[in-house]
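Novice: Can you read through this structure? Questions will come right after.
The values are calculated or read from the model by the stated rules, or taken from the named source; none is laboratory data. Computed from a predicted model, the values in this text were never measured in an experiment. All Cβ positions, even for glycine, are placed from backbone atoms using ideal geometry, and neighbour counts span all protein chains on display.
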Amino acid sequence: MPSPAQLRWFVSCVVMLFSAPVAAQVSFEEPPIDYHKAPLSDPISHLQKKLDASRAELEFDKKHGYLPSLLEQLGVKVSSQVLVFSKTSFQLRKISPRTPRAVYFSDEMYIGTVQGGDVLEISSVDPQQGAIFYALDQRKTLAPKFKRLTHQCIQCHASSMTEGVPGHMVRSVYTRPDGQPVYSAGTFRTDQSSPLHQRWGGWYVTGTHGRQRHMGNLLVRKQDDPEKLNLDPGANVTDLKSLVDTSPYLSRHSDIAALMVLEHQGKMHNLITKANFQARIARQNSDVMNKALSRPAGYESPITKRLYTSGGDRMLKYMLFSDEIKLEDSIVGSGAFTKEFAAQGPHDSKGRSLRDLDLKTRLMKYPCSYLIYGKGFDGLPKPVLRHVYRRLWEILTGKDTSDEFAHLSASDRQAILEILLETKPGLPDYWKKQ
C-alpha cells in the first residue's frame, strides 16, 4: 500500500490538474531537484573553473570594477543595458532616481550593478536547476571568486512571481522621488501579456512608442494619486539627460526594445524551469507509486502523463506568444540593441532569425521564442520534450488549429517551421519529412 506521503502527493496532483492554473510552489530544495546541493552547469560555474585554472582572467576597471570584463567574458552586450531606479534590489540603499541600478542580460545571464555598490548581482541560468544567484565582490583581488547566494535571493526569486521556481521577474511599481515604491498603490509583474500602461514603473525608458503610454520615467509625489498619474511626461523619451546623469554608466540608454525582450525572456526561463522541475518530481513519485502498487517499472499513470504535458503546454503557449498584447503603434529603441540582438542569429538561408524584432504590432517578427535554442529547452526531460516537439510540429504544419494559436497566420507558421528546420539541431525525424 502507498504511504501517507505518497497519497498526499497523489491528491495534490489531482488538485493541481483540475483546479484553476496557479504558479504553485515547487518542492525544489529536496531530491530529485536538490537545488542547493546538485552539481551546476551554468555559465558562472564554468567561468569560475576557468579562472581557477588560469584559463580566463577578469580585469579590474577603476570606474566600473569587474563589470566590463565580466560582460566581455560572458558575451553580454552593453546595448542590453536597462536602468531601474526603484528600491527593489538587495542593494536598495544605494539605488535612487539619481543613481539607478543598471541591468545587463543575455540568453543565460542577468547582471546588475549599482553606483558605489559592494558587489555585482548575478543570476546565471543552469539548464537543470534554473536561476542560480551569485555576487562578485567589486574590490580588486588577485583571485576573483563568485559567491553563490541562496536563501537571501530565493525569498523573492522563488515565489508566485516566478512560477514558484528559482527564477526572474520584471516588476513595475509606482515610485517616490527617493526611489521607495508606493506598495499601497499596487505593483505589476510584467511580461509580454501586460498592457503597456502597466509596464516599467520605477524604470528609465528610452525610445519612441507613439500614442501608447507606460509608467516609466515618472515619479509619484506625496500629493499625487498614483492611479490617476499623468503618463504623458514619461512618454517617447529618447535622451535621459533631463532626468538622470548617465555618464557613470556604460551606456546612456535604457532601451525600450531591450526592456520588452527582457520581460519575455524572464518568464520564458521560469516556464522552462517549471516544466523541468514538475516532470522530474512526477517521474520520481511515479517510480515510488509503481513500486508500492507492484506496477511495471516505467509505467506512467494518466496523472503522471498529464504532469509531463501540462508544464510543456503552458511553456509552449508562451513560447509562441499566445497571450501577447497587440501594439497600437510602432516602437523604436534608442540604442543599438535591436540590431545587435538580431545579429546573433542563427539565420536561415533567407537571412531570417527568431531574433528578428517586429515592434510594429508585436515583439517578434516570427513569433517563436529564440530560447528554443537554449540549453534549458534542450535539457527538458524527454517526455516533456517529445510532447512539445509534437505539438509544435502540429501547430506549425497547420494540423493544430486550436483557438489559442489562432494569432499565428499561415505565413507565420510556415516561416517559423522553415527557420527551425534550417537552424535548430535535434529536431525529431518526422519534422524533416515534409
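Novice: Pull up the range 110-131, narrow it to residues that are at negative phi, touching a helix residue (DSSP H, G or I) at 6+ places or on another chain (Cβ under 7 Å) and not polar (S, T, N, Q), then point me to the one that is surrounded by the fewest Cβ atoms within 10 Å (Cβ to Cβ).
Specialist: Only one residue tops the list, namely PRO127.
Novice: Mind checking which pairs have a first residue in the range 149-164 that is farther than 16 Å from THR190 by Cβ and assigned by TED's automatic domain parsing to the domain that holds LEU136 and a second that is assigned to a helix (DSSP H, G or I) and of a type in the set (D, E, K, R), Cβ under 8 Å, 6 or more apart or different chains?
Specialist: GLY164/LYS274
Novice: Would you check which residues across the range 99-134 are more than 27 Å from GLU340 (Cα to Cα) and aliphatic (A, V, I, L, M) and list them?
Specialist: Filtering the range 99-134 for residues more than 27 Å from GLU340 (Cα to Cα) gives 116-119, 128-129.
Scanning the range 99-134 gives a single hit, VAL119.
Novice: Give the range 212-245 a look and list any residue that's under 19 Å from ILE95 (Cβ atoms) and not in a loop (DSSP other than H, G, I, E, B), or say none.
Specialist: Matches in the range 212-245: GLY234 only.
This table checks each residue for (1) surrounded by 15 or more Cβ atoms within 10 Å (Cβ to Cβ); (2) in contact with a Gly (Cβ under 8 Å, 6 or more places away or on another chain); (3) at pLDDT 95 or above; (4) not in a loop (DSSP other than H, G, I, E, B).
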{"residue": "LYS350", "(1), (2), (3), (4)": "no, no, yes, no"}
{"residue": "SER353", "(1), (2), (3), (4)": "yes, yes, yes, no"}
{"residue": "VAL384", "(1), (2), (3), (4)": "yes, yes, yes, yes"}
{"residue": "HIS407", "(1), (2), (3), (4)": "yes, no, yes, no"}
{"residue": "LEU417", "(1), (2), (3), (4)": "yes, no, yes, yes"}
{"residue": "LEU427", "(1), (2), (3), (4)": "no, no, yes, no"}
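Novice: Where residues in the range 173-217 are closer than 30 Å to ILE33 by Cβ and touching a Phe, Trp or Tyr at 6+ places or on another chain (Cβ under 9 Å), which of them is modelled with the lowest pLDDT?
Specialist: Filtering the range 173-217 for residues closer than 30 Å to ILE33 by Cβ gives 187-194.
Among the residues that remain, those that are also touching a Phe, Trp or Tyr at 6+ places or on another chain (Cβ under 9 Å) are: 187, 190-194.
Working: THR187: 93, THR190: 97, ASP191: 97, GLN192: 98, SER193: 97, SER194: 97.
It comes out as THR187.
Novice: Can you tell me which of (1) out of contact with any Lys or Arg (no Cβ under 9 Å at 6 or more places or on another chain); (2) of a type outside the set (A, V, I, L, M, F, W, C); (3) within 27 Å of MET109 (Cβ to Cβ) is the one ASP403 doesn't meet?
Specialist: (3)
Novice: Across the range 27-41, which residue is modelled with the highest pLDDT among those that are under 17 Å from GLY164 (Cβ atoms) and of a type in the set (Ser, Thr, Tyr)?
Specialist: That would be TYR35.
Novice: Go through the range 213-245 and count every residue that is more than 23 Å from VAL170 (Cβ to Cβ) and in contact with a helix residue (DSSP H, G or I) (Cβ under 7 Å, 6 or more places away or on another chain).
Specialist: Of the residues in that region, 0 qualify.
Novice: Of everything in the range 183-211, what is surrounded by fewer than 19 Cβ atoms within 10 Å (Cβ to Cβ) and either in the same structural domain as LYS360 (by TED's automatic domain parsing) or assigned to a loop (DSSP other than H, G, I, E, B) (or both)? Give them in sequence order.
Specialist: Those that are surrounded by fewer than 19 Cβ atoms within 10 Å (Cβ to Cβ) and either in the same structural domain as LYS360 (by TED's automatic domain parsing) or assigned to a loop (DSSP other than H, G, I, E, B) (or both): GLY186, SER193, PRO195, GLY210, ARG211.
Novice: Looking only at the range 310-348, which residues are among the aromatic types (Phe, Trp, Tyr) and either in a loop (DSSP other than H, G, I, E, B) or modelled with pLDDT under 95 (or both)?
Specialist: PHE321
Novice: Go through (1) farther than 24 Å from PRO43 by Cα; (2) out of contact with any helix residue (DSSP H, G or I) (no Cβ under 9 Å at 6 or more places or on another chain) and name the single condition VAL388 misses.
Specialist: (2)
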